[in-house]
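Please treat every number below as a calculation from the coordinates, not as lab data. None of the values given here were measured: they were computed from a predicted structure. Quick reminder, even Gly has a Cβ in these numbers, built from the backbone with ideal geometry, and neighbours come from all protein chains shown.
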Amino acid sequence: MLGPVRVGAVAHGGHCVARHEGRVVFVRHTLPGELVTVRVTDTGHDRFWRGDAVEVHEAAPERTEAPCPVSGPGRCGGCDFQHVSLDGQRALKTAVVAEQLQRLAGLSWDGAVEAAPGDVGGLGWRTRMRYHADDDGVLALRRHRDHALQPVPAQGCPISDPRGRPERTGWTRGAVVETAVDSAGTRTTLVDGDRVEGPALLHQEVDGSSLAVAADGFWQVHPGAAATLVEAVLEGLEPQPGERAFDLYCGVGLFAVALARRGLQVWGVESSRSAVAHARRNLEAVGAEGSRATAGRVAQVLRRMPGRTDLVVLDPPRTGAGPEVVRAVLARRPRRIAYVACDPAALARDLRTAVDGGYELVSLRGFDLFPMTHHVECVAVLERTGSDARSSGSR
């Protein structure tokens with residue numbers, strides 16, 4: 001045990017930074033300014049340790065009682081901020097985004113992470129879940145940085161969509177149970193990868209379109225996420241009929257369909273062949289003549305794509321697009337780029353590449369699409385330096 005220890009600023013990853021005898025300790029289950037006793041959980045690094053706040057001597061004003069009975073030190077690792085008010089959670093995420101942008105990209109941001117539309121309590125939002133059945137056949141989730149299992153509460157995981165909660169008990173030991181819920185509330189359940197209940201294809205209603213997505217395919221887990229991100233991307237890009245656009249890491253075509261419906265020719269690229277098949281189907285369903293979707297690694301497909309385009313949407317995985325892809329995009333000289341990011345550090349690194357390549361950040365919005373966790377989604381809009389667009393600077 002360490003402490004009492006005075007806790008410092010929040011850091012990317014769901015913890016705060018404390019110091020003990022000159023050593024950095026990343027502490028979970030605490031808040032900036034608190035005085036806590038820390039149980040060390042990881043001493044395997046020379047430069048830092050990890051730990052949990054197990055006793056709070058001086059609490060921050062944002063501290064609240066966790067709504068989940070299995071959250072907290074040594075228990076379920078799915079949520080980082082159950083002990084923080086919703087306003088406090090968004091303030092922490094705002095601080096993380098601003099710090100990552102400043103430290104990794106040299107960019108200032110004075111915005112604030114916004115609540116997801118319709119999200120008033122931070123619970124019941126997660127429409128896709130993955131459980132593991134423990135030795136007693138009870139559904140469980142992983143503990144933090146551990147393969148050990150934590151049985152879910154009797155009422156189900158509080159952040160999961162109630163419509164998607166399967167029976168809690170009676171499962172075969174070691175079974176992996178996945179559930180997904182679509183816009184209509186239709187649920188599909190898969191056990192060890194095999195569908196046992198519900199349709200193989202779900203339909204998500206977004207921006208006036210019904211998008212097909214495989215029950216085990218990628219889709220935003222917050223019911224308001226897709227519409228929120230589409231609105232932010234369209235607002236940032238200001239697409240005009242007749243323009244051309246690339247939708248890179250397009251998935252099932254969420255942004256490609258939205259752009260095509262506004263009269264653009266869109267070329268989507270995605271590594272998942274099954275997702276591309278759905279993207280083609282979704283583009284065809286909205287009559288997107290001249291638009292297409294290609295399966296392959298983005299960096300490779302870019303080499304055979306047209307040398308110029310008007311707009312680009314980048315929605316890479318958590319690791320980011322990377323300098324090779326960003327530079328290939330900049331070489332096309334699009335008038336605007338919308339970058340959708342689920343990791344602020346990866347976003348900041350790629351924005352640095354873009355700024356060095358002659359683009360400026362004209363807007364950035366952060367969205368709290370993962371309440372109770374440290375995760376945050378951002379939409380950044382880039383424009384060529386010296387272009388005649390109306391926006392300039394960052395907000």
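Stokes-Einstein diffusion for the chain at 20 °C, viscosity 1.002 mPa s, with a Kirkwood radius from C-alpha pairs, works out to 96 µm²/s. A cut-off of 5 Å between modelled amide H atoms, ignoring neighbours fewer than 5 places along the same chain, links ALA140 with HIS132, ALA133, ASP134, VAL152. A full extension of the chain between ASP136 and GLN240 corresponds to an added length of 31.7 nm, given 0.36 nm per residue minus the alpha carbon distance. Taking a quarter of the surface of the Cα convex hull of the stretch 272-341 gives a mean projected area of 5.1 nm².
Applying 1/(1 + (r/R0)^6) with r as the Cβ-Cβ distance of ARG333 and GLU231 and R0 = 30 angstrom yields a FRET efficiency of 0.70. A DSSP coil position with no more than 11 other Cβ atoms inside 10 Å describes the following GluC sites (Glu not before Pro) in the stretch 1-90: GLU21, GLU65. State whether the stretch 16-91 is rounded, prolate or oblate according to the following rule on the C-alpha gyration tensor (a ≥ b ≥ c being the square roots of its eigenvalues): a/c under 1.5 gives rounded; otherwise a/b larger than b/c gives prolate, and the remaining case gives oblate. Prolate. Compactness of the stretch 170-276 is given as radius of gyration and Dmax, 16.0, 56 Å, from Cα positions. The angle separating the long axis of helix 225-237 from the principal Cα axis of greatest extent in the chain is about 50 degrees. For the stretch 44-134, the normalised intensity computed at q = 0.14, 0.19, 0.21, 0.25 Å⁻¹ comes to -0.76, -1.19, -1.26, -1.30 (log10 of I(q)/I(0), Debye sum over alpha carbons, equal scatterers, no solvent). Were the residues from SER85 through ASP110 laid out at 0.36 nm apart, the gain over their Cα-Cα distance would be 6.9 nm. Taking Cβ atoms as reference points and 14 Å as the exclusive limit, the residues near HIS15 contribute a net charge of +1, counting Lys and Arg as +1 and Asp and Glu as -1.
Oblate is the label for the stretch 115-217, because a/c, from the alpha-carbon gyration tensor with a ≥ b ≥ c as root eigenvalues, is 1.5 or above and a/b does not exceed b/c. Using only helices, what value at 222 nm comes out for the chain when you add -39,500 (n - 2.57) per DSSP H run of length 4 or more and divide by the total residues, to the nearest 500 deg cm²/dmol? Calculated from helices alone, the mean residue ellipticity at 222 nm is -5500 deg cm²/dmol. Note on the chain: with a GNM built from Cα contacts shorter than 10 Å, the maximum mean-square fluctuation among VAL301, VAL96, VAL213 falls on VAL301. Of the beta bridges in the stretch 160-286, as assigned by DSSP with both residues counted there, near 75 percent are antiparallel. Principal-axis analysis of the Cα atoms of the chain puts helix 86-100 at an angle of about 60° to the longest axis.
Please compute the length gained on full extension between ARG195 and SER183, using 0.36 nm multiplied by the number of residues separating them and subtracting their Cα-Cα distance.
Answer, rounded to one decimal: 2.4 nm.
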